[in-house]
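The values are calculated or read from the model by the stated rules, or taken from the named source; none is laboratory data. Treat the numbers as computed from the prediction; the structure is a model and nothing was measured. So basically every Cβ, Gly included, is an ideal-geometry build from the backbone, and we count neighbours across all protein chains shown.
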Amino acid sequence: MPLKESEQRLRVTPEGPGVYLMKDARGTVLYVGKASVLRNRLRTYFGATANLPNKIRRMLEQLDDFECIVTDSEAEALILENTLIKRYRPRYNARLKDDKTYPFLKIDLKEEFPRVYITRRVLKDGARYFGPFATAGTVRQTMDLIKKLFPYRSCTKTITGNDPRPCLEYYINRCVAPCTGFASKEEYGQVIQQVILFMEGDTEAVTQDLQQNMERSADNLEFERAAVLRDRIRSVERVAEEQRIKVDSNLVKDMDVIAVAQGTNETWVQVFFIRHNKLVGSDHFFMEGTQDEQPGLVQSQFIKQFYGTALTIPPRILVQHPMEEEELITQWLRDLRAGAVRITRPQRGDHKRLVDVVAANASQGLAQYRVKWLNDSNVTQKATEELQEELSLPMPVHRMECYDISHIQGTNTVASMVVFEDGRPKPAHYRRFRIKTVEGVDDFESMREVIRRRFKRLGAARAAEAKGGAFAESSGDAWGILPDLVLIDGGKGQLSAALEVFLELGIDDVPLASLAKENEELFVPHTPEPIVLPRDSQALYLVQRIRDEAHRFAITYHRNLRSKSSVKSAIDMVTGIGPKRKRTLLRRFGTLKGIKEAPVDDIAAVPGMTRSLALRLKQTL
């Protein structure tokens, strides 16, 4: 949008609260935001953009128009913002993935013999709903559990009580058979009430009710039915024990605990549902469009979008990160619940440990998701095919190599080479390099050294193979296998450095590209404009995964070297302590810290050491 036009538009923009929609030239909504003062908020987009997140700067490059909707209050703006994000699903907003079709468990109490079933529509019909659940698989697991514990009917037939015989479920204690009259309407209603209490987390009330029924059956000499109820009590108690979480009983018993684990463009949100001091459920949700967003903002967006459709809101919500708009969101939740709601970020105690547990689950869940993605052959094949097409590569991308440089202010500079084959990591072919010829901070020259060393090894492997050897693929040696794509972590400078080495070594049959992290743009030789992959493309996800893996591998090697050099610089400064005495000291005390804390007499007692040498070592350390 031209600057002059934006200034004129801003002059007539309302100063009150409301929602704004950013649109591209085709009218597609790119971003939805809210503001207490619309004019001031929009002005931040059309001034200096240096302080704006990278994602917003990319959005502004496509911006052609904006629209404002004025509301009576900031609270109304929050609700409208949430509604419009769900309707338009703007690519630059953090948003729940597939949030329109979350499943619920429904129990329609208006039915004479209520059933428990899955629904995706929540109506104001007096029925009891439980959810939302993240996936249909999650809700089915819950149904399987409660069906094992409580013998409600799963059939859809009309119940008359006159059927001649019950079905198999009755004989395996999965139904009380109201169809044959074996259970009255009141007895069946007790089973449904137990299901409701269990879903609410009140297992004590469930076991108490079952205990009374068992004792009544025993008094009536119905020992077989009493035994079935006894087994049911044990099952409920076992599940309740598995759900039990250590929470101070003097604090709020009902709460949700939320933590996030951010990936490159997606975020795994883990939620623990605690009712009556028991973990009654745990679920995860995906937020997409979260690139460059702060965790607190992603967390706030999740809370707004999740609880906007949730049927129950607990009195307390524990969160991992500081909240964006905490006061406004808290008041909105109070209005939805028609009661007290408190959002807390615990700093210590049981609640802090609980948040840490949920955060660990979120990190583990995201890691498992990535592994699952990498092992999905259909997805990885699609990713490599997309990458071949986008980069105009002559051959399918069977083998990718990615390189990254790591250092701290030019010290202990190292590099990594990681390999993916058919979209999956090949750890056996990973290699690491210690930079030998570069001093100080010079990523470009470091990249030249790494590429030169790697592809000189490739040349040696080819020469050996040409002489009739079996150095390359037959032996599985990583140096001798020609990659289908070399990916450099960095921008145009790193790409140019690698290309210079290719020209120097006469390599013209290996495609080369670099991935600039700031805007996730791909650069290829002889093409000035970057290649921008769609944010939801599998190809982008693949190159991000291999780039992140190269970065992780390089950082790990760098930390190891830095740790070793810190030990060397401290102990080797002491005259009289050589490699042999140093090894003996480290074997005896384990670490440099252990040596520093050890008494002089203990150090002097180490074989090969003397008291004077021990004193010099302690003084040096």
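Odds and ends about this structure:
Rundown of residues vs (1) of a type outside the set (D, E); (2) not in a loop (DSSP other than H, G, I, E, B), yes/no style:
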| residue | (1), (2) |
| --- | --- |
| P164 | yes, no |
| E169 | no, yes |
| N173 | yes, no |
| V176 | yes, no |
| C179 | yes, yes |
| A183 | yes, no |
| Y188 | yes, yes |
| I192 | yes, yes |
| I196 | yes, yes |
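- Per-region count, region 149-185, residues of a type in the set (K, R) and farther than 22 Å from E222 by Cβ: 1
- Single condition T384 does not satisfy, out of (1) among the polar types (S, T, N, Q); (2) assigned to a helix (DSSP H, G or I); (3) over 28 Å from E81 (Cα atoms); (4) free of Cβ contacts under 8 Å to residues at least 24 places away in the same chain: (4)
- Qualifying residue in region 582-593 (condition: modelled with pLDDT of 80 or more, outside the structural domain of H429 (by TED's automatic domain parsing) and part of a loop (DSSP other than H, G, I, E, B)): no
- Considering residues of region 500-530 that are loosely packed, with under 14 Cβ neighbours inside 10 Å and either acidic (D, E) or touching a Leu at 6+ places or on another chain (Cβ under 7 Å) (or both) only, the residue nearest to V419 (Cα to Cα): D509
- Taking region 1-84 and the strands (runs of 3 or more DSSP E) fully enclosed by it, the elements with 2 or more residues that are in contact with a strand residue (DSSP E or B) (Cβ under 7 Å, 6 or more places away or on another chain) and either more than 27 Å from L336 (Cβ to Cβ) or at pLDDT below 85 (or both) are at 18-23, 65-70.
- The listed residues are L105, L109, and the only one of them that is more than 26 Å from N519 (Cα to Cα), of a type outside the set (D, E) and in a strand (DSSP E or B) turns out to be L105.
- Residue match in region 374-385 (condition: crowded, with 18+ Cβ neighbours inside 10 Å and at pLDDT 85 or above): yes
- Residues (at pLDDT 80 or above, surrounded by 17 or more Cβ atoms within 10 Å (Cβ to Cβ) and farther than 22 Å from F104 by Cα) located in region 191-219: M214
- Reported count of residues in region 162-184, each being closer than 18 Å to K110 by Cα and in contact with a helix residue (DSSP H, G or I) (Cβ under 7 Å, 6 or more places away or on another chain), is 1.
- Here the condition is being over 30 Å from the mean Cα position of the chain (by Cα), surrounded by fewer than 17 Cβ atoms within 10 Å (Cβ to Cβ) and acidic (D, E); of E61, E112, E74, it holds for E112 alone.
- Hits in region 522-561 - residues which are among the acidic types (D, E) and either touching a strand residue (DSSP E or B) at 6+ places or on another chain (Cβ under 6 Å) or free of Cβ contacts under 8 Å to residues at least 24 places away in the same chain (or both): E529, E549
- If you check L499, L487, L482, L505 for being at pLDDT 85 or above, touching a strand residue (DSSP E or B) at 6+ places or on another chain (Cβ under 7 Å), over 20 Å from F553 (Cβ atoms) and in the same structural domain as P396 (by TED's automatic domain parsing), only one passes: L499.
- Identity of the residue in region 387-425, among the acidic types (D, E) and not in a strand (DSSP E or B), that ends up modelled with the lowest pLDDT: D422
- Scan of region 128-171 for residues that are among the hydroxyl-bearing types (S, T, Y), modelled with pLDDT under 80 and surrounded by fewer than 17 Cβ atoms within 10 Å (Cβ to Cβ), ordered by number: T135
- For region 338-351, the set of residues classified as of a type outside the set (G, A, S) and out of contact with any strand residue (DSSP E or B) (no Cβ under 9 Å at 6 or more places or on another chain) consists of Q347, R348, D350, listed by residue number.
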